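Working notes, beginning with the structure itself.
The values are calculated or read from the model by the stated rules, or taken from the named source; none is laboratory data. Note that the structure is a prediction, hence the values are computed from the model and not measured. Here the Cβ positions follow ideal geometry from the backbone for every residue, glycine too, while neighbour counts run over all protein chains shown. What goes into the accessible areas is simple: the full protein's heavy atoms, side chains included, and nothing from ligands, DNA or RNA. Shrake-Rupley method; radii C 1.70, N 1.55, O 1.52, S 1.80 Å.
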Amino acid sequence: SGNPLVVSKLSSDVIVSSVGKVVPQPWIQDVVESFFDQIVPYLNGDQDNFMITVSVDDRLFIAKDEVKSLLQKSDAYNFLSENLVSVLIKDISTNDLPLWLDVSDDQIRDLVRTVVTPDWIQFHVDGALDEFVPYIVGERDTFRIKVGFEENRLKILLEEVKEILRESDAYGFFYDSL
């Protein structure tokens, strides 16, 4: 099924609990009472117009935290990692690589998985949410989402690339070509 709630394997209780934190009963009651406080005078003809204002700024911050929690509980980062790796390597064909570089699709997939880990994705998704929500509620005029690889990830990537070059005898190709 393509339904994210079904795919997530989160229990109904977990989802309902999160929704209850984002829109708790007292908050809903306040919104409904405010609605009636504004519309009744209009309906009675005491006012020519009415305006309903519902502030959701504080709810968005709570929703952000709940989304983070649900993503972690649902194993979404592992799911995203697997699918992101597939997307990233989909257009890479071993036929597009130099003839002297003998690399399998599995090696490329493993190389990308080394860098695009579930923890890496979670770090960047959480950071994006932390930047975006204050912007959306007007606390900031801009937001910046930075996606990068910390130095230790790049070192791991470099070691993996070196190993692939060793396994494919790329160094021998260069040596023989000199």
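Some points to look at:
- Pair list, Cβ < 9 Å and 6+ apart or interchain, from the stretch 22-49 residues that are among the aliphatic types (A, V, I, L, M) to residues that are open to solvent by 90 Å² or more (accessible area, probe 1.4 Å): Val40/Asp46
- Scan of the stretch 127-163 for residues that are outside any loop (DSSP other than H, G, I, E, B) and either among the basic types (Lys, Arg) or within 16 Å of Phe79 (Cα to Cα) (or both), ordered by number: Arg153, Lys155, Lys162
- Scanning the stretch 33-60 for residues that are hydrophobic (A, V, I, L, M, F, W, C) and either in contact with a strand residue (DSSP E or B) (Cβ under 9 Å, 6 or more places away or on another chain) or assigned to a loop (DSSP other than H, G, I, E, B) (or both) yields a total of 5.
- In the stretch 67-106, residue surrounded by the most Cβ atoms within 10 Å (Cβ to Cβ) [restricted to those that are more than 13 Å from the chain's Cα centre (by Cα) and at pLDDT 80 or above]: Lys73
- Take the conditions (1) over 30 Å from Asp57 (Cα atoms); (2) under 17 Å from the mean Cα position of the chain (by Cα); (3) at pLDDT 80 or above; (4) surrounded by fewer than 15 Cβ atoms within 10 Å (Cβ to Cβ); Glu159 misses just one of them, which is (2).
- Scoring Ala63 on the criteria (1) open to solvent by 70 Å² or more (accessible area, probe 1.4 Å); (2) assigned to a helix (DSSP H, G or I); (3) under 28 Å from Leu129 (Cβ atoms) leaves a single failure, condition (1).
- Of all residues in the stretch 115-157, those that are within 19 Å of Leu71 (Cα to Cα) and of a type in the set (Ser, Thr, Tyr) total 1.
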